[in-house]
Amino acid sequence: MDTHTKIRKIKEFIIERLIFLSGIMSIIIVALIFAFLLKEGLTLFWQVPLSDFIFARNWYPISDPPQFGILPLILGSVLVTAGAAVISVPIGIGSALFIAEIAPPKTKEIMKAGVELLAAIPSVVIGFIGMITLAPIIKSVFGLPTGLTALSGAITLAFMAMPTIVSIAEDAITAVPRQYREAAIAMGATKWQTTWRIVAYAARPGMLAAVMLGIGRVIGETMAVMMVTGNAALIPHSILQPVRTLTATVAAEMGETVQGGEHYAALFAIGIVLFIITFLINGAADLYLHKTKK
Amino acid sequence: MNVYLKQKIAFSVLFLCTLLVIVPVLVILAIIFVKGMSAIDISFLTEVPIKGMKEGGIFPAILGTLYLVLGAVLFAVPLGVLSAIYLVEYSRENFLSRLVKLAIVNLAGVPSVVYGLFGLGIFVLYFEFGASILSGSLTLGIMILPVIITASREALESVPKSFRIVSLSLGASKWQTIRHSVLPHALPGILTGTILGLGRAAGETAPILFTVAAFYLPKLPTSIFDQTMALPYHLYVISTQVPGIPENVRYGTALVLLLLVLLLNLAAIILRYQFRKRKRW
C-alpha cells in the first residue's frame with residue numbers, strides 16, 4: 001500500500017467514525033435533555049413530595065410559604081387540549097378524507113399547500129391573531145368579563161393541531177392499497193361507501209397516530225396558548241374561564257425565578273412532566289405508524 | 001337513489017371540513033397583510049425602536065433573528081446530514097437503529113418550551129455561555145435537527161441503489177461512493193429540508209425565551225456572546241407585555257415575521273417542485 005492510499009484510508013476511517021457519532025447523536029441529545037431536566041428539577045422533591053406536587057390544589061410559587069401544586073395547571077392543559085381535540089379531530093380527519101380521496105388532482109395540490117401554509121405560521125403569530133380577533137368575539141358572544149379563556153385557547157390550538165392531523169392522516173389514507181378500492185367498487189359499492197367503510201377502516205391505525213401526534217403538538221404548544229388563555233392558575237370549573245397550562249407556566253414564570261431556587265426547580269419539574277407525557281404519546285404514535293406500514 | 005343522495009351529503013360535509021381548515025388560514029393572512037402593510041416602510045425595517053418601542057423600527061429584532069437562524073443552521077445541518085448518512089448508508093436494521101429512529105421521533109415531539117429549559121440548563125448555565133446568541137442558536141439548532149435529519153434521509157433514500165452499485169463496482173470505496181455518487185443527487189432534497197428548518201427556527205419563541213432573547217435592546221449585538229432582540233419574542237413583548245403600543249406597529253411586526261417565514265417555505269416548495277420535475281430516474 002502506498003502512502004496515498006494509506007492517508008485516504010485514515011481519512012475515511014475518521015469520517016466514518018464521525019458519521020457513526022452523528023448517527024447516535026439523537027439518542028445522546030434525548031438522554032441529555034432528560035438528564036438536565038432531572039438535574040435542575042429533582043431538587044424540588046427534597047422539599048415537596050411528588051404526590052403533593054401533582055395532586056395539591058394550589059400553585060402559589062411566590063407566596064410565603066410557597067405552594068407548588070400543579071393540579072390546576074394539569075387540569076388547565078387537559079381542558080384546553082380536550083377542547084382542541086374535540087374541534088380538530090373530526091374536522092382534520094374529514095378534510096384528510098376529502099383531500100386524499102375526493103378532491104380532483106389540481107384542487108388537491110392547492111389544498112395541501114394551504115395546510116402546509118397553516119403549519120408554517122409561527123405560533124406567536126397565531127396567538128397574536130387569536131388574542132386580537134377571537135378573544136373579543138368570545139367575550140361578546142358569551143357576555144364574559146374577559147375573552148381570554150380556555151375556549152379561546154382550545155379554538156386557537158385546534159388550528160395548530162390540524163396541519164399535523166390532516167397531513168399524517170392523508171398519508172395513511174393514500175397508503176391504503178388501490179385493490180381495496182377497486183374490489184369495493186366492483187362489488188357495487190358507491191364511492192362514499194368505499195371511502196368510509198373500506199378506505200377509512202383500513203387506515204385506522206394511521207389516523208389514530210395522526211390524532212395522537214396532533215394532541216402531542218397541542219399539549220406542548222406554548223406561545224399561542226399563553227397569549228389567549230388568560231393565565232389564571234386556578235382549578236377551572238368551566239371552559240369559559242381563564243386557565244393556565246403547564247407550558248405557559250414555565251414560559252411565563254422562568255424569567256422571575258432565582259437560579260437554583262425552589263420555584264426554578266419547580267418549573268424544571270414541570271418540564272420533566274411535559275417531557276414524559278410527550279415521550280409516551282410520540283412513542284405510542286410511532287408504534288401505530290409502523291403498524292400501518294406493515 | 002338514496003345511496004347517491006347520502007354520498008352527496010357526505011361529500012359536502014367533508015368539503016366543508018376542508019374549507020374550515022383552509023379559509024381561516026386565508027383570513028389570518030389577509031388580516032395581517034391589510035393591517036400590517038401601512039406600518040412597513042424603509043425606516044420601520046432599518047431603524048432601532050425608540051420611545052419604549054412605540055415608535056421607530058424593528059431592525060435589531062430582524063437582525064437578531066437572522067443571526068440566530070444562521071447559527072442554528074450552521075450547527076444542525078452538518079450534524080443532521082451526517083446522521084442521515086448513518087441511517088441510510090451505514091446502519092443495519094437492528095436495535096441501535098430502531099433506537100435512533102425512536103429518538104428522532106421524540107426529538108420532533110419535545111415541546112418547544114422544554115427545549116428552552118434544556119438550553120438554559122446546558123448552554124446558559126452548565127457551559128456558562130450565558131444568555132447569548134450562541135446559546136440561543138444551539139438550542140434552536142437542536143430543535144430543528146429532526147427536520148433536517150428527516151428531509152436528508154428522504155433525499156438520500158430517493159437516490160437509486162444502482163448508483164451505489166455502479167460506483168462500488170468501479171473500485172470506489174464506500175465513502176467515495178457516498179461523497180461523489182449519492183450526495184450530489186440528494187443535495188436539492190437536503191437544501192429543501194434546510195430551508196424548512198430555517199423557517200421553523202425563525203418563528204419559534206419559547207426556545208429563545210431563556211437562552212438569548214432581550215426584552216428591549218436598541219443596540220446591535222457585536223459578538224456571539226451578546227444578547228439580542230428577536231422578531232417572534234418582540235411580537236410577544238409588544239402584544240402582551242407593554243401596554244399602549246400602536247396597533248399598526250404590532251401588525252407590522254407580525255407581517256415582517258410572517259413574510260420571512262412564508263418566503264422561506266415558498267422557496268422550499270418551489271425548490272422541491274423543480275427538483276421533482278428535473279429528476280431523470
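Let me check I've understood the local charge: for residue B:268, count other residues with C-beta under 11 angstrom from its C-beta, Lys and Arg +1, Asp and Glu -1. What total comes out?
On the way: positive: B:200, B:272; negative: A:116.
With Lys, Arg at +1 and Asp, Glu at -1, the neighbours total +1.
Nothing charged except the Cβ atoms of Lys and Arg (+1) and of Asp and Glu (-1): what's the magnitude of the dipole of region B:128-244 about its Cα centre? Round to the nearest 20 debye. Walk me through the numbers before you get to the answer.
Working: 7 positive and 5 negative charges, 97 e Å.
Computed charge dipole of region B:128-244: roughly 460 debye.
Check which residues have an amide H placed less than 5 Å from residue B:55's amide H, if you skip close sequence neighbours.
B:50
Please report how far the C-alpha centroid of region B:162-195 lies from that of region A:265-294, rounded to the nearest whole angstrom.
Cα centres, region B:162-195 to region A:265-294: 34 Å.
Starting from the Cα-Cα distance between residue B:161 and residue B:16, subtract it from 0.36 nm times their residue separation and give me the gain in nm to one decimal.
Result: 47.8 nm gained on full extension.
Kindly flag which residue pairs out of A:6/B:161; B:101/B:279; A:39/B:54; A:112/A:291; B:6/B:277 have an alpha-carbon separation exceeding 30 Å in this structure.
Checking Cα-Cα distances, A:39/B:54; B:6/B:277 exceed 30 Å.
Å³ per residue of the Cα convex hull, for region B:59-278?
135
In a shell of Cβ-Cβ distance under 14 Å around residue A:77, excluding residue A:77 itself, what net charge do Lys and Arg (+1) and Asp and Glu (-1) give?
It works out to a net charge of +1.
When the Debye formula is applied to the Cα atoms of region B:173-232, each taken as the same point scatterer, what base-10 log of I(q)/I(0) results at q = 0.15 Å⁻¹?
Cα-only, vacuum Debye calculation for region B:173-232: -0.65.
State, as an integer percentage, the relative contact order of region A:1-99 based on alpha-carbon contacts under 8 Å between residues 6 or more apart.
Averaging sequence separation for qualifying contacts and normalising by length gives 13 percent for region A:1-99.
By counting other Cβ atoms within 10 Å of each Cβ, how are A:157, B:19 ranked from fewest to most? Could the numbers behind the result be given before it?
Working: A:157 32, B:19 15.
Ascending number of Cβ neighbours within 10 Å: B:19, A:157.
Roughly how compact is region A:51-293, stated as its Cα Rg over 2.2 N^0.38 Å to two decimals?
1.16
Give the relative contact order (percent, whole number) for chain B; include only Cα pairs under 8 Å separated by 6+ residues.
Relative CO of chain B lands at 27 percent.
Could you list B:185, B:180, B:234 in order of exposure, starting from the residue whose Cβ has the fewest other Cβ atoms within 10 Å?
The fewest-first ordering by Cβ neighbours comes to B:180, B:185, B:234.
Would you work out which of B:34, A:153, B:264 lies farthest towards the positive end of the dipole of the protein assembly as shown? Charges go on Cβ: Lys and Arg +1, Asp and Glu -1.
Of the listed residues, the answer is B:264.
If you plug each phi of region A:116-121 into the Karplus form 6.51 cos²θ - 1.76 cosθ + 1.60 with θ = phi - 60°, what whole-Hz ³J(HN,Hα) values come out, in order, with x for Gly and Pro?
4, 4, 4, 5, 7, 5
Could you state the angle between the C-alpha long axis of helix B:2-37 and the longest principal axis of the C-alpha atoms of chain B, as a value from 0 to 90 degrees rounded to the nearest 10?
50
Suppose every Lys and Arg Cβ carries +1 and every Asp and Glu Cβ carries -1, with no other charges. What dipole size does region A:1-149 come out with about its Cα centre, to the nearest 20 debye?
Computed about the Cα centre, the dipole is about 400 debye.
Output ³J(HN,Hα) for region A:79-84: one whole-Hz value per residue in order, computed from phi by the Karplus curve 6.51 cos²θ - 1.76 cosθ + 1.60 with θ = phi - 60°, and x for Gly and Pro.
4, 5, 5, 4, x, 5
Using alpha-carbon positions, what is the distance between the centroids of region A:109-184 and region A:206-232, in Å?
10
So which residue, out of B:40, B:62, B:149, gets the largest mean-square fluctuation from a GNM of chain B using Cα contacts under 10 Å as springs?
Top of the fluctuation ranking is B:40.
May I ask you to derive the FRET efficiency for residue A:258 and residue A:204 from their Cβ-Cβ distance with R0 = 45 Å, giving the value to the nearest 0.05?
0.35
With the Cα gyration tensor of region A:173-294 in hand, give its eigenvalues times 5 under a square root as the equivalent ellipsoid semi-axes, listed largest first in whole angstrom.
One finds semi-axes of 44, 17, 9 Å for region A:173-294.
No solvent, one uniform scatterer per C-alpha: report log10 I(q)/I(0) for the protein assembly as shown via the Debye equation at q = 0.05 1/Å, two decimals.
Listed by q, the Debye log ratios stand at -0.22.
Based on DSSP H runs of at least 4 residues, each adding -39500 (n - 2.57), what is the mean residue ellipticity at 222 nm of the protein assembly as shown after dividing by all its residues, to the nearest 500 deg cm²/dmol? Intermediate values should be presented prior to the final figure.
Numbers: 26 runs with 395 residues, N = 575.
Dividing the helical sum by the residues of the protein assembly as shown leaves -22500 deg cm²/dmol.
GNM on chain A, C-alpha springs below 10 Å: top fluctuator among A:210, A:252, A:96?
It is A:252.
Relative contact order for chain A using alpha-carbon pairs under 8 Å, separation at least 6, rounded to a whole percent?
Details: 395 pairs, mean separation 74.6, N = 294.
Relative contact order, chain A: 25 percent.
Taking the Cα atoms only, what angle lies between the long axis of helix B:133-157 and the longest principal axis of chain B, rounded to 10 degrees?
Taking Cα atoms only, the helix is inclined about 30 degrees.
Size of the dipole of chain A about the Cα centre, Lys and Arg at +1 and Asp and Glu at -1 on the beta carbon, nothing else charged, in debye to 20?
Numbers: 21 positive and 17 negative charges, 227 e Å.
Once rounded to the nearest 20, the dipole reads 1100 debye.
For region B:207-270 and region A:62-92, what is the centre-to-centre distance using only Cα atoms, to the nearest Å?
Value for the Cα centre distance between the two parts: 27 Å.
Scan region B:74-126 for trypsin sites (Lys or Arg not before Pro) in coil per DSSP, keeping those whose Cβ has at most 14 other Cβ atoms within 10 Å, and list them by number.
Loop-located and lightly packed - B:92.
Place a point 7 Å from Cα of residue B:98 in the direction of its Cβ. Which residues in region A:272-289 have their backbone N less than 15 Å from it?
Answer for region A:272-289: A:283-284, A:286-289.
List the residues, sorted by chain then number, that are 5 or more residues from residue A:59 or on another chain and whose placed amide H is less than 5 Å from its amide H.
A:69
Could you work out which residue, out of B:152, B:112, B:181, moves most in a Gaussian network model of chain B, that is, has the largest mean-square fluctuation with Cα springs under 10 Å?
It is B:181.
Using the count of nearby Cβ atoms within 10 Å as a rough guide to exposure, how do B:28, A:129, B:42 rank from fewest to most?
B:42, B:28, A:129
What's the longest uninterrupted piece of chain B once you rule out the GluC sites (Glu not before Pro) that are loop residues per DSSP with at most 14 other Cβ within 10 Å?
B:129-281
Hand me the GluC sites (Glu not before Pro) from region A:159-238 located in a DSSP loop with no more than 11 other Cβ atoms within 10 Å, in residue order please.
none
Read the figures in this text as sums done on the coordinates, not as results from a lab. None of these values were measured; they are calculated from a predicted model. Quick reminder, even Gly has a Cβ in these numbers, built from the backbone with ideal geometry, and neighbours come from all protein chains shown.
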